[in-house]
């Protein structure tokens, strides 16, 4: 059987893959605009902030035990645990922690939502740099910036809908296989030939789907961990001379034809303005720890909340697009979450929490609380109207006397690049998470980590970030 493409080029490196790797390999910290550098710094700061809290989340003790029980060189920090492990296992744990509370970053494709990137790229790069030793902060920032940019470019080339109603692939996890591989290959200084092999080797492993989200299982967050563990393995194997497929994007069984055979793909878009526009500046950081499609709704609820007493609200009417379906259906499960993971993806639940308490907190996802009758009663008042084509989300309260209160439309929710979480807010979140780690950080330790992350471009060796002194 001849598996060559239509041009009989089974063994050559196609032009797109070659130029893609040339771009990554040839771009350095000195080529990056200041806003791109700042975006990479914020990405790293946020990934550490959410990993600290996630280290204490349900299931994270087992993840840490898995990483540590495998033994090996104590090369990279497992955040929040106070222990070290081989780079691939440390990155695996840290990325699982960073996704544990659904509090990560998002690359926004439109006002409805998008997909996470930095939560995987940044910990993978940092763990690889720690394990290698002697790598400065500028090199780490460049690798994060290019890993996120590459991932965003690959994602943005798909011009069809990526919602779970149109594909079972979860693009957060699927694409971070490639973003993490680019970031790790860049920080470790691979040659162009080695980068091609590393990307071919990750192509042999890339996966990620929505099923765990549908069932409310802990395994959903492990998909990011699998991706970075595999990315680091792909890079390490490429350094040792193991070859990978070079037609990983455009081949007959390349990424898009394999994973998105029914989607429209603009291959030219992958490298359009590469080196002039860096897409990591479009990364947003979540304003709430839950599924991102709920965020405009929660902003609208917070608008209306001061205008009505909770006891007077008979119905809570939500108006948005069909993307809300991922947190609205199946309705019975969303109205009655069984555990913390169900609650993270229940639009009625997070509305109930914000309406009752004014904001959404990590404590709202304790397994015991999700069975609380008071919150569930509020959740059961939620009615969700989904229609394609809406440009903004709105919420209405129907009061007991028949009065209707309507929110202003919310197009850009808190955390969207047009309504960003500030660096100062990120620092406050990190400080608030310090006591949540299994091995809590003191305020002094937290201040030291924060100052080093904010000034990471000045560090001669990024192993200093988590050093005790």
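The values are calculated or read from the model by the stated rules, or taken from the named source; none is laboratory data. Since this is a predicted model, take the numbers as computed values, not measurements. Counting neighbours? That spans all protein chains shown, and the Cβs are built from the backbone with ideal geometry, glycine included.
Some observations on this one:
- Pair list, Cβ < 9 Å and 6+ apart or interchain, from the range 295-320 residues that are in the same structural domain as residue 391 (by TED's automatic domain parsing) to residues that are part of a helix (DSSP H, G or I) and surrounded by fewer than 18 Cβ atoms within 10 Å (Cβ to Cβ): 310/356
- Scanning the range 118-154 for residues that are assigned to a loop (DSSP other than H, G, I, E, B) and either touching a helix residue (DSSP H, G or I) at 6+ places or on another chain (Cβ under 6 Å) or within 20 Å of residue 20 (Cβ to Cβ) (or both) returns a single hit, 135.
- Of the helices (runs of 4 or more DSSP H) that lie entirely inside the range 199-293, those containing 3 or more residues that are over 30 Å from residue 337 (Cα atoms) and either out of contact with any strand residue (DSSP E or B) (no Cβ under 7 Å at 6 or more places or on another chain) or modelled with pLDDT of 95 or more (or both) span 219-239, 255-259.
- The range 194-231, residues that are within 17 Å of the chain's Cα centre (by Cα), within 17 Å of residue 248 (Cα to Cα) and either outside the structural domain of residue 95 (by TED's automatic domain parsing) or surrounded by fewer than 21 Cβ atoms within 10 Å (Cβ to Cβ) (or both): 207
- Search result, residues across the range 152-162 that are within 17 Å of residue 325 (Cβ to Cβ) and surrounded by 18 or more Cβ atoms within 10 Å (Cβ to Cβ): 162
- All of (1) part of a helix (DSSP H, G or I); (2) buried (at least 24 other Cβ atoms within 10 Å of the Cβ) hold for residue 107 with one exception: (1).
- Checking each residue in the range 110-130 for being surrounded by fewer than 24 Cβ atoms within 10 Å (Cβ to Cβ) and over 14 Å from the mean Cα position of the chain (by Cα) picks out 110, 111, 112, 130.
- All of (1) closer than 20 Å to residue 286 by Cβ; (2) in contact (Cβ under 8 Å) with a residue 24 or more places away in the chain hold for residue 110 with one exception: (2).
- Selection within the range 163-182 - over 13 Å from the mean Cα position of the chain (by Cα) and closer than 19 Å to residue 323 by Cα: 163, 164, 165, 166, 167, 168, 169
- Against the conditions (1) buried (at least 19 other Cβ atoms within 10 Å of the Cβ); (2) at positive phi, residue 295 satisfies every one except (2).
- Taking the criterion of being surrounded by 14 or more Cβ atoms within 10 Å (Cβ to Cβ) and either more than 19 Å from residue 434 (Cβ to Cβ) or not assigned by TED's automatic domain parsing to the domain that holds residue 430 (or both), the residues of the range 61-71 that qualify are 63, 66, 67, 68.
- Residue in the range 80-89 that is in a helix (DSSP H, G or I) and either surrounded by fewer than 24 Cβ atoms within 10 Å (Cβ to Cβ) or under 17 Å from the mean Cα position of the chain (by Cα) (or both) present: no
- Number of residues in the range 172-194 that are farther than 19 Å from residue 123 by Cα and in a helix (DSSP H, G or I) equals 3.
- Helices (runs of 4 or more DSSP H) fully within the range 1-77 that include at least 1 residues being modelled with pLDDT of 95 or more and farther than 17 Å from residue 150 by Cα: 34-54, 60-69.
- Test: residue in the range 112-126 that is at pLDDT 95 or above and farther than 19 Å from residue 76 by Cα: yes
- Tallying residues that are without any contact (Cβ under 8 Å) to a residue 60 or more places away in the chain and either assigned to a helix (DSSP H, G or I) or outside the structural domain of residue 395 (by TED's automatic domain parsing) (or both) within the range 341-353 yields 7.
- Pairs where the first residue, in the range 445-460, is without any contact (Cβ under 8 Å) to a residue 60 or more places away in the chain and the second is in a loop (DSSP other than H, G, I, E, B) and surrounded by 16 or more Cβ atoms within 10 Å (Cβ to Cβ), C-beta under 8 Å, 6+ apart: 452/459
- Against the test of being assigned by TED's automatic domain parsing to the domain that holds residue 228 and over 26 Å from residue 468 (Cα atoms), the options 125, 121, 182 yield a single qualifying residue, 182.
- Between 355, 360, the distinction of being within 22 Å of residue 59 (Cα to Cα) and modelled with pLDDT of 95 or more belongs to 360 only.
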